[in-house]
Every structure is written in C-alpha cells, then in structure tokens.
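So the structure is just underneath, and the comments pick up after that.
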Amino acid sequence: MANVLIVDDEEKITKLLSERIAHEGYEVQTARSAEEANEIIQKGKADIVLCDLRLGGMDGLELLKKTKELSPLTDFVIMTAYASADTAVEAMKAGAYEYLIKPFSMDEVVLLLKRITERKRLISEVIALKERAQNVQESKGRILGGSRAINNVKEMIRKVAPTDSPVLIEGESGTGKELAAAEIHENSRRSDKPFVIVNCAAVPETLIEAELFGYQKGAFTGAVQNKHGQFRIADHGTIFLDEIGEVPLSIQAKLLRAIEYGEFLPLGGTNPIKVDVRIIAATNRNLKEMVDAGTFREDLFFRLNVFPIVIPPLRERREDIVEIAEHFLKGWKFPHLPLRGDVLEKLESYSWPGNVRELKNVLERAIILAGDRPITPEHLTINGGGSYSADPRNLISGVLGKISLPEIERMAVEIALEQTSGNKSKAAELLGITRRALYGRLEKYGIER
C-alpha cells in the first residue's frame, strides 16, 4: 500500500486521521510542521501527502511547491477550514490533487485515498502495458532458428521463465542476449510489469551507482531533486543488467545486497528501499576468470549464476542463417525473396564474428547496394570493405608476400581469442587444435594468457 504523510499541527485531527488510514492498510507517518514534513519527503518516503493549509512557519502551499519540485510523483492534498476560491485555485495550479474543506468525514478521506491509489496503479499499469506492447512488437519472432543449438536455448528459457530465479545469459556480442532476456520476461508471471534494461557498459563508472539505486536531493552537486534508480523503477518487474562484467568492483557488494535481500540505499539516503525485482544479467566476458583475477566478486557470481544460459554464436548454428536473414529482409519489405543460392552459400560460409548483429548490418548494406534488384554476392560487404569471397584461398592469397606464415598463425590465434572473449577451450575448437596446442602457441608467440 501507499505511504501516507499527514501534516497538521492539531494533534486530535492527526491522531484520528492516522488511526483510520492505518486501519485501511496504508503506511502512515505524521508531522506537526511543514519543515518536519519536508525532511520526510526528502527521504522519498511519502507517496501521498495530506497537509493542512495553515501551519506555524512554512504553510501548506509552500510545502506543496517544494514537494512538487522535489518529488513530482507525490500526490498532495490540501486540507483547510479557511476555504477560499483564491487559495483553491492557487493550490490546484501548484499541483495539488485535491482541496479538502474541514470539517470532513473520515469516509470522505478514505475514498479520496482509494481514488488516488487507484489512479497511481492505473498510471503504472498503462506505462507497463505500453512498454510491454513495445517489447512484444519488437520481439515478434524474437528467437529465430530451428537448429539443435538454439532449440536447447529455447527449452532452457521455457523452463526458467515461470520462476523467479536469477538468470545469467552468456554469449558473444551480437548473439541476442537481450532478446533472450526479453523472452524470459514475456513468459514470466511479471510480464505485465516493467522490463527495465540497464547497459552497464554504457554508464560511466562514476554514475553507475546513481543509475541503479537512485539518489536523494543534495547527495552530490547537481542532485536538485530525488531520483528513482532503475531498481526502484523495475519494482515488481524484471531488471536486465546487460554487460554485468563491467560493473565496478567498488559497488558489487551493494548490487549483491540488492539482489540477495531486495533492498538498497539510494545515494545520500538513510532509509533502505525495499523492492521485488527479478534479476537477469548478461555478459560476453568470462566471469569465472574475472573471479579468479579478483575483478569480480565470487559471491555475486554465484548469486547470478543460479541458472546460466549460453547463447551460441552464429557460426555454431549456420543452418539458422537463412531463416534469420529472410526474417530481417521481410521486416524491411524487401521484395526479392527467397535469396539466390549463391547468396545463401556466401552467407552460410562466413564465420560471422559479429554474429546476428553483423548479419543484420551486412543485409542492410546489401539492400542499399542492390537498389530495386535482387541481392547478389557482390552486394555482400563484410567488415566494411570489399565483397566477401567464400573461398578462404582468396583471403590467404591477398596477404602472401606481405606477412610471414608465423605472423598469420599468430593473428589467427589472437582473432580466435577475441571472437571467444578469451575462452581458451572455444578458441582452440575454433582453430581446430587442442587446448594444449593452443597454450603452446600462446607461449611461442608471447601472447598474454
């Protein structure tokens, strides 16, 4: 239920109101002055304020204006025995939800609170439904393909989605980790609640704590009003922490507490905020190696790694490339489908280090180059230069005489490590050698392990 703050210097009225409102299930706080009330509001603990107009010191109208500056989402009700048209108009212009004239019945107050609470609920639901509708629209055909590798992922999602267990999604950049997270949310009991995405790599290290947990007015220079963090916005829904490996070690303990106990302190706050949030995290880094290196907390890793899902790279599910490619082209209303056989051959023979994201970009360029004609192999430009040839001999012939064989081998090892985010087993598999042989080449060429 909502937190209700009653501000009145008449003790009898305050007592009657607080007892009746608490009886209705609301959390109630009281203040005898606007100054005392302002301190409570600054802490972000008031959803609804019932305030007398005339108070000693700061009056109700002044507190109303300060509240709307500090916490615009807080609903404010003015109570007064000295009603006038001028003060009523001024209060409404300043953002008051209602203007109650004393004496009023307790039933009238309860009905008003129920109306305010229902309005708040409807606003939250409308926002959540808009977000959900957008997610559904964007996610039509979200996880494409019928390969064994991707079907295993779909089955894992089907099993974990109805639970509240944390999920750790691993995979290279561009494999569709965010789509998998959205699929989990859409098939969970929280699907009609917010799905909040935080790209931890895109937020500066100095701002990540404020972004996740919010802040109180005055917490730092420029904090002119309270601001909810992404955890508070995601309350009762799902928060997706993309690139979780980029979260600084300095705030990982606070993040662990938010995940473990569902509570946190905003920057500058003194009262913990409780939330009910489902956690999904994603990374293209090897968190276990980061734990061993001391750059990621082991306890946070274990808490996130309750249900790991690994999204396979596109090169490991080549049979899905045609379906994915034609899905993108249909979405762009490209008329020349199905694609020619030689085009499909070239698409399926490339290793796609940028995965589905790279495939999408290549196809978008191909449409532009093709104009109103069908796509041909010459329209497929890879890595920003030249048309791609499926024959590896053409690639090698282009560098012969320019670099030595050992240099080619060294580059192949480095590229394999880059494409597998440093995973030695996967890099060895990609190179077609054993893990022991890979370590031999790392030592031979002085490549940092």
Candidates Pro335, Pro204, Pro166; GNM for the chain (alpha-carbon contacts under 10 Å) flags as most fluctuating Pro335
Taking amide H positions as placed in the peptide plane 1.01 Å from N, state which residues far from Leu100 in sequence (5 or more) or on other chains have amide H under 5 Å from it. Ile78, Met79, Thr80
Taking N as the number of residues in the stretch 3-116, the ratio of its alpha carbon radius of gyration to 2.2 N^0.38 Å works out to 0.94
Qualifying trypsin sites (Lys or Arg not before Pro) for the stretch 165-237 [loop in DSSP, other Cβ within 10 Å: at most 14]: Arg189
Could you tell me the distance between the Cα centroids of the stretch 249-305 and the stretch 198-219, to the nearest Å? 14
Contact order relative to length for the chain, counting C-alpha pairs under 8 Å separated by 6 or more residues, stands in percent at 12
What does the charge count around Ala96 come to, taking other residues whose C-beta lies under 12 Å from its C-beta (Lys +1, Arg +1, Asp -1, Glu -1)? 0
Restricting the calculation to Cα positions, tell me the Rg (one decimal) and the Dmax (whole number) of the stretch 149-310 in Å. 15.6, 51
Within the set of other residues whose C-beta is less than 12 Å from the C-beta of Leu304, count the net charge using Lys and Arg as +1 and Asp and Glu as -1. -1
Folded to 0 to 90 degrees: helix 249-261 orientation relative to the chain principal axis, Cα: 60
In the structure displayed, which of Lys254/Lys444; Lys12/Lys114; Lys217/Lys254 lie more than 31 Å apart, Cα to Cα? Lys254/Lys444
Surface/4 estimate of mean projected area, convex hull on alpha-carbon atoms of the stretch 203-250, nm²: 3.8
If Ile408, Ile382, Ile280, Ile41 are placed from fewest to most neighbouring beta carbons inside 10 Å, the sequence is Ile408, Ile382, Ile41, Ile280
Acute angle (nearest 10 degrees) that the helix 148-160 long axis makes with the longest principal axis of the chain, alpha-carbon atoms: 20
Using a Gaussian network model of the chain whose springs link C-alpha atoms within less than 10 Å, name the residue from Ile433, Ile259, Ile208 with the highest mean-square fluctuation. Ile433
Taking the 0 to 90 degree range and rounding to the nearest ten, how far is the long axis of helix 405-419 tilted relative to the main principal axis of the chain, both from C-alpha atoms? 30
When DSSP beta bridges are limited to those with both residues in the stretch 149-310, what percentage is antiparallel, rounded to the nearest 5? 20
Residues in the stretch 1-28, backbone N under 20 Å from the label point at Arg115 (7 Å along the Cα-to-beta-carbon vector): list them, ranges by number please. 2-7, 17-18, 20-22, 24-26
In the stretch 1-100, which GluC sites (Glu not before Pro) are in a loop and have at most 16 other Cβ atoms within 10 Å, using DSSP for the loop call? Glu10, Glu24
For Cα pairs less than 8 Å apart in space and 6+ apart in sequence, what is the mean separation divided by the residue count of the stretch 260-312, i.e. the relative contact order in percent? 24
Could you give the alpha-carbon Rg of the chain over 2.2 N^0.38 Å, rounded to two decimals? 1.30
Under 5 Å between amide H atoms, partner at least 5 residues away or on a different chain: which partners does Arg278 have, H built in plane at 1.01 Å? Gly237, Thr238, Ile239
Local charge sum around Glu19 (other residues, Cβ-Cβ under 15 Å, Lys/Arg +1, Asp/Glu -1)? -3
Computed on Cα atoms only, the convex hull of the stretch 285-373 has an orientation-averaged projected area in nm² of 7.9
Report the residue, chosen from Thr206, Thr74, Thr117, that carries the largest GNM mean-square fluctuation when the chain is represented by alpha-carbon nodes joined by springs under 10 Å. Thr206
Mean separation of Cα pairs under 8 Å and 6+ residues apart, divided by the residue count of the stretch 314-390: what relative contact order is that in percent? 32
So what's the convex hull volume per residue for the Cα atoms of the stretch 397-445, in Å³? 75
What FRET efficiency comes out for the pair Glu378/Ser425, r = Cβ-Cβ distance, R0 = 30 Å, nearest 0.05? 0.20
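We did not get these values from a lab; they are worked out from the coordinates using the rules stated. In this text, all values refer to a predicted model and were calculated from it rather than measured experimentally. Positions of Cβ are backbone-derived with ideal geometry, glycine not excepted, and every protein chain shown enters the neighbour counts.
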